[in-house]
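The values are calculated or read from the model by the stated rules, or taken from the named source; none is laboratory data. As the structure is a prediction and not an experimental result, all values here were calculated from the model. Neighbour counts are summed over all protein chains in view; Cβ atoms, including those assigned to glycine, are modelled from backbone coordinates with ideal geometry. With ligands, DNA and RNA removed, areas are computed over all heavy atoms of the protein, side chains included. Shrake-Rupley method; radii C 1.70, N 1.55, O 1.52, S 1.80 Å.
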Amino acid sequence: MTQTILDKKSIWIKIGLIAAGITMPLWLGADEVGLTFLIEQLETNPSGDTLMMTAFLLVMLNTVRALPHYLGALLLGDELGYRLQRPWLKIIVPIVIIPLVYAIINVYNPLDYYFGGPALLLVTSIVVLQRIAKGRLRPIIKSFLFSQLLFGIQWLDTVIFLTPFSFGGGPISTKVKDIAVSLGFETTLSFYSLVLCSIFVGNAIVLAIYLTVSEQKWTMSQDLNIARGEMIESRSGREAMHLVHDLKTPLALIEGLNSLIQMKTTDKEIHDYTEKISDSIQSTSNMVSEILYDERKNWCTLKRLIEYVRANKLSYAAITFDFQLYAQEDTEIYINKIRMTRALINLIDNACDTVDGHPDAYVAIHTKEEENGVYLGVADNGKGMTTKEEKHIWNPGYSTKSHPGVGLTFVKNVVEEHDATLHIDSQKGKGTTFWIQLPKESARFENSNH
């Protein structure tokens, strides 16, 4: 399990952030950002404007140097807690890592990298943020909120009356505050620092609550759509089953009357007609059985399957349909013909919705044979999908349109019933191809090279 987690690129990105935070003081210090120059100016030519500029630059420097390892620890705790199914790791990992980073920095850094009041407040903020979020906020949102908290809390280092409480105990912070006292600006500096701290921390808290509630509402809406989709699918399925089951009665009556006609006549021509009627009744009965029982499968040629597909709703005037049939048409596949046809029609309908309004709307139906089985495909030149959309399209109720999507859920069920595999090849802005791969044992390659 540990090895599997360490193989994840996202884990190493978080570890990289922590490592960047550890090395930050080596190449980003007071000299590099011009803070040393401003302090020298304050000492030789003190002024309130220079003091406030120095305080701002100090806070920015502290924020930028702290941000990588704080964010790395926060996000690493999130990911480990999720992957290991241990929610408490979301809190424990930052609590352990952040003080450890300070300790490592102080081993090589001649200046004391101060772990004081702001650091303790920030660690506490992580705990509170994790408790408020409860897994509802995405990592990018947490990072944004915490960045605001970090910047706001860093201002407490320049509040002079908080110095006895371990705020601003580092050498640079102490020097800036000493200069403020000598200028008589201690009250002004403390006031502006508290105001800025309140603005950023308050904004982060309000946003955290708002975004958590919004995320919760969105999740509830998605759950409702999924439930609605499952209800629609279940209800439609039950109604279809009742209707199909009711077909059995008139079919039996027709078969009985047809047999009676055969018994009552010796006319050869009428016998020929009744034989055709009997064959049609048997074919219809088999179709009804396939609809009623999803496990009912028979050998069917690709030619017959494509004929069924052609006979179903390929009448979109503005869309060009192209049949690229590279598999041998007499190759047989072991399927529930009705359900597989419906699955392909659902994919075609979905492709038609995708290319709706496209000036060169195009949908292709593919067949091909490979060593590992037979492939049935539906391609379009629509807008394509993102990786995120690909993950959600199979959820009942999920749809990029205004109504709950159930068609793709049915496709997934049919694919699973046939021990088949479904592949998606999609590029944003270029189109999507769905491939249903039927396993080799479900195909008979007659009159072909396989």
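Some points to look at:
- Residues in segment 109-136 that are out of contact with any helix residue (DSSP H, G or I) (no Cβ under 7 Å at 6 or more places or on another chain) and farther than 16 Å from Thr63 by Cβ were compared, and the one that is modelled with the lowest pLDDT is Gly135.
- Residues satisfying the stated conditions in segment 149-166, i.e. surrounded by fewer than 19 Cβ atoms within 10 Å (Cβ to Cβ) and not in a helix (DSSP H, G or I): Ser166
- Residue in segment 352-359 that is crowded, with 17+ Cβ neighbours inside 10 Å and under 18 Å from Glu441 (Cβ atoms) present: no
- If only residues of segment 167-197 that are free of Cβ contacts under 8 Å to residues at least 60 places away in the same chain, assigned to a helix (DSSP H, G or I) and more than 29 Å from Ile105 (Cβ to Cβ) are counted, the one that is most open to solvent (accessible area, probe 1.4 Å) is Phe191.
- For segment 95-102, the count of residues that are open to solvent by 30 Å² or more (accessible area, probe 1.4 Å), farther than 19 Å from Thr23 by Cα and β-branched (Val, Ile, Thr) is at least one.
- Matching residues, segment 409-450, being modelled with pLDDT under 80 and within 19 Å of the chain's Cα centre (by Cα): Thr409
- Apart from one condition, Val309 fits all of (1) open to solvent by 50 Å² or more (accessible area, probe 1.4 Å); (2) at pLDDT 80 or above; (3) under 39 Å from the mean Cα position of the chain (by Cα); the exception is (1).
- Flag if Phe146 is part of a helix (DSSP H, G or I), touching a helix residue (DSSP H, G or I) at 6+ places or on another chain (Cβ under 8 Å), open to solvent by less than 50 Å² (accessible area, probe 1.4 Å) and modelled with pLDDT of 85 or more: yes
- The single condition among (1) loosely packed, with under 14 Cβ neighbours inside 10 Å; (2) farther than 22 Å from Leu149 by Cβ; (3) among the β-branched types (Val, Ile, Thr) that Thr124 does not satisfy is (2).
- The set of residues in segment 251-266 being out of contact with any helix residue (DSSP H, G or I) (no Cβ under 6 Å at 6 or more places or on another chain), at pLDDT 75 or above and open to solvent by less than 70 Å² (accessible area, probe 1.4 Å) consists of Gly256, Ser259, Thr265.
- Test: residue in segment 104-111 that is closer than 26 Å to Ser10 by Cβ and open to solvent by less than 80 Å² (accessible area, probe 1.4 Å): yes
- Hits in segment 149-203 - residues which are among the aromatic types (Phe, Trp, Tyr), at pLDDT below 90 and in contact with an Asp or Glu (Cβ under 9 Å, 6 or more places away or on another chain): Phe167
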